[in-house]
Structure formats: structure tokens, C-alpha cells
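To start, the structure under review is shown below, and the notes come after it.
Just so you know, all these numbers are worked out from the coordinates, no wet-lab data involved. Since the model is a prediction, treat every value here as computed from it, not as a measurement. Reconstructed Cβ throughout: ideal geometry from the backbone, glycine too, with neighbour counts over all protein chains shown.
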Amino acid sequence: MDNLHFDDSGLNNATIDNFKAIYSTVKNRFNLQFTGHINFHLEDFEAFRNCLEINQRASCVIKHERSDSYLLFIETKHTGKGHHAEEHYLYHTWALAYLKKDFGRIVIRPETLRDKIIELIHPLELDFDDDKAFSDTFYVIVSDVQKAKDCMDRKFRNAVMDIRDNDFIIEIVNHTLIIGSHHPMQPEKAFEIADFVNQLAGFC
């Protein structure tokens, strides 16, 4: 990839152009630098549980005076559905932040009508009694209720509420948070998730 430290082998032009546009958009607003290979242990996250392979095409650090965060360009390999389904690859952009507090395991995503119906039968979701707007907007599943309530304070919840997109997943495994989508990402949405982890670097 011209002047960019991406592994572009096997990528089509649309994917290469998308990664380039995302990189340029985020770099225009943040101090973004390519890293060497870093093992972020993405296999630990439920978001990648069903992937046959996880290949990190590139990673960039978002420099912050308090704590760095990262933008990741990921390729995942999947088996299609059906008797004669072929394997295929998907390309994602995710952002990652390291958190000072141990959040336990948490999944946060926009709540759907199906989630609301399931919750009536099996109350699995964590709600915040003092923050109805957040609880009505997001579906939150946690492994440790007390840890989640202690760590997901008002400032954290406000940062999540500020994301102006409804197609994303936030997953936290102890001290590591990722945010992204399994669908192709446009540059402005990539800026949104980069801005989110950069905010976390300032207070989490």
C-alpha cells in the first residue's frame, strides 16, 4: 500500500481504498502513528469467537499524553452457512484502549426490540437506575455486576452515549476495551470510535 504500512496482499481495491480513507481521516484529527506488530490477544474477545482466523493487517497508535489507544485493521476468516459453504474473509476496523480499572467482562451494544422482549423473560441485562437514558439505549451484559457498576461511571456512560452511530459493539475483557463493527466501516464512523477510545485515555 503506497506510503502506508499495511499488508495489502490479497486485498481488493475497494478494501485498500477504504483502509486508506480511514487512516487519512483519523490521522487528520489525531496524532496517529503506525506500530510494529503487537499481539492484542483479540482471540480473548467474544466478538471474534466464531472466526477461523484473525489477521491483524495493521495497527496504529493514537498518541495521548496520559495513555495511548489503538486503531486496528483486521481480517477475519469465516465458514459460510450451508452444506457446501465456502470459507470467506471479512475486513473490519476496531479501536482498542487499555483501562486502569478491572471492568470484568462486559458487552455493550445498542439495544434492540428483541433484547427488550428477551429481558422480560430472562432478566440478564444490567440497568442503571440513575441513568434511564443509557439503560434504554444500550444492552449491557456483565460477568461481575459490582465491578461493572463501579467502573461504568457517569463519565464512561456519557462517552458511550456520545457515539453517534448505532452499529457498534463495545467489549471489555478486564483492562482491555475494544469497539468496532463486523460490517464495513466508513471513515467518519472510524473517527467516532477513535475519538471514543481517545476520550477514555484521558480519564479511564
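Residue by residue, the range 65-70 carries 3J(HN,Hα) couplings of 5, 9, 7, 6, 10, 9 Hz when phi is fed to the Karplus relation 6.51 cos²θ - 1.76 cosθ + 1.60 (θ = phi - 60°); x denotes Gly or Pro.
Here the range 1-87 is assigned +1 on the Cβ of each Lys and Arg and -1 on the Cβ of each Asp and Glu. Its dipole about the Cα centre then comes out at about 340 debye. 3J(HN,Hα) couplings calculated from phi for the range 127-136 with the Karplus curve 6.51 cos²θ - 1.76 cosθ + 1.60 (θ = phi - 60°) are, in sequence order, 10, 10, 4, 8, 9, 5, 4, 5, 5, 6 Hz; Gly and Pro show x.
Pairs exceeding a 20 Å alpha-carbon distance, out of Lys100/Lys189; Lys27/Lys189; Lys101/Lys189; Lys149/Lys189; Lys63/Lys100: Lys100/Lys189; Lys101/Lys189; Lys149/Lys189.
Highest GNM mean-square fluctuation among His37, His88, His78, for the chain modelled with Cα contacts below 10 Å: His88. When only alpha carbons are used to place a centre, the range 160-194 and the range 1-61 end up 14 Å from one another.
Highest GNM mean-square fluctuation among Thr93, Thr176, Thr76, for the chain modelled with Cα contacts below 10 Å: Thr76.
Here the 3J(HN,Hα) profile of the range 50-60, calculated from phi with Karplus coefficients 6.51, -1.76 and 1.60 at θ = phi - 60°, is 8, 7, 6, 9, 10, 10, 7, 6, 6, 9, 10 Hz, Gly and Pro shown as x.
For the peptides 12-20, 196-204, 60-68, residues were scored by their other Cβ atoms within 10 Å and the scores averaged per peptide; the highest-first order is 196-204, 60-68, 12-20.
The Rg/Rh ratio for the range 1-85 is 1.02, where Rg is the radius of gyration of the alpha carbons and Rh is the Kirkwood radius. The helix-only estimate of mean residue ellipticity at 222 nm for the chain, built from DSSP H runs of length n ≥ 4 each weighted as -39500 (n - 2.57), is -9000 deg cm²/dmol after division by the residue total. Backbone N atoms of the range 53-75 closer than 14 Å to the 7 Å Cα→Cβ label point of Asp8 belong to residues 58. With the convex hull drawn around the C-alpha atoms of the chain, the volume per residue stands at 134 Å³.
Of the DSSP H helices in the chain, not one has a Cα length along its own long axis of 30 Å or more together with a mean Kyte-Doolittle hydropathy reaching -1.0.
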